[in-house]
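Contents: one structure, followed by commentary.
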Amino acid sequence: MSDKSDLIEEIHKDHKEIKDCYHNYKAAKDPEEAKKWFNQFIWAVCTHIIAKEMVLYTTMESTNDKGKALGEMSREDHRDLKQLLEDLRTEKDEDELEKKFDAAFRTLSEHMAMEEGEILPFVKEHIPLEKRQAASKTYAMRKFLAPTKPHPWLPDKSTALETGLGLIITPIDKLRDMFKSYPE
């Protein structure tokens, strides 16, 4: 990421990575390869949505009433997504896992399409490029510090509370991640 990176570009890159993880999971030739892509999908989605709550939505909500409404609508989507991801992550039955994964990806795809069609154009119109570039750096840092597993009970409002709890949870998630396999 360069100093000139725009938050909007970073969101688009994350969306592509998430879609690629899902499609690579579906195209996997063996269960071990599929599991790696599944793990990467969970990681990518979780860090992405937490960073958006802390940076994108907070920035957006400070602009005007429409920004506040879009931020709250998106946070509600994320609450639902976190629960779907937790149900998916803890599913043991392979057939149910496939159904839940497909359903979670459909829900996530709808959310990403809404973001790309409504939220990101709103951000581009209402937040100056310089502020989006600064937010892009913060977003990258928040992704690095974000929990890598869904935690539906984690509050998504008060950014300070979400950050504080995330700093406690993230090392635990990352320790657990050391015992999982991921794509090279």
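Put simply, when 18-31, 55-68, 100-113 are sorted by average Cβ atoms within 10 angstrom per residue, most first, you get 55-68, 100-113, 18-31. Need the C-alpha centroid separation for the range 1-58 versus the range 76-104, integer Å. That distance is 16 Å. Applying 1/(1 + (r/R0)^6) with R0 = 35 Å to the Cβ-Cβ distance of Lys92 and Thr138 gives a FRET efficiency near 0.40.
For Lys131, the aspartates and glutamates whose Cα falls under 16 Å of its own Cα, not counting residues fewer than eight places away in the same chain, are Asp3, Asp6, Glu9, Glu10, Glu61. Taking the C-alpha atoms only, the angle from helix 7-27 to the longest principal axis of the chain is near 10 degrees. Helix 94-114 and the long axis of the chain differ in direction by around 20°, with both axes built from C-alpha atoms. For the range 63-71, putting each phi into the Karplus relation 6.51 cos²θ - 1.76 cosθ + 1.60 with θ = phi - 60° gives couplings of 7, 6, 5, 5, x, 4, 5, 5, x Hz, in residue order, rounded to whole numbers and with x for Gly and Pro.
When the C-alpha to C-alpha distance is required to be over 25 Å, the pairs from Lys19/Lys149; Lys35/Lys124; Lys13/Lys36 that qualify are Lys35/Lys124. Placing a label point 7 Å from the Cα of Lys68 along the Cα-to-Cβ line, no residue of the range 98-139 has its backbone N under 14 Å from it. Taking a Cβ cut-off of under 9 Å around Lys124, the surrounding Lys, Arg, Asp and Glu residues balance to a net charge of -1, with basic ones at +1 and acidic ones at -1. Rounded to the nearest 10 degrees, the inclination of helix 159-177 to the longest alpha-carbon principal axis of the chain is 20 degrees.
Specify whether the C-alpha gyration tensor of the range 1-111 places it in the rounded, prolate or oblate class, a ≥ b ≥ c being the square roots of the eigenvalues: rounded for a/c under 1.5, otherwise prolate if a/b is larger than b/c and oblate if not. Oblate, because a/c is 1.5 or more while a/b does not exceed b/c.
Quick check on the chain: helices-only [θ] at 222 nm, where DSSP H runs of length 4 and up contribute -39,500 (n - 2.57) each and the sum goes over total residues. Nearest 500, please. Spell out each step's value before the answer.
On the way: 8 runs with 135 residues, N = 184.
Result for the chain, helices only: -24500 deg cm²/dmol.
For the range 124-138, putting each phi into the Karplus relation 6.51 cos²θ - 1.76 cosθ + 1.60 with θ = phi - 60° gives couplings of 4, 6, 9, 10, x, 3, 4, 5, 5, 5, 5, 5, 4, 5, 5 Hz, in residue order, rounded to whole numbers and with x for Gly and Pro.
None of the figures in this text is laboratory data; all of them are computed from the coordinates on show. In this text the structure is predicted, and so the values were computed from the model without any measurement. Glycine gets a Cβ as well: all are built from the backbone with ideal geometry, and neighbour counts include every protein chain shown.
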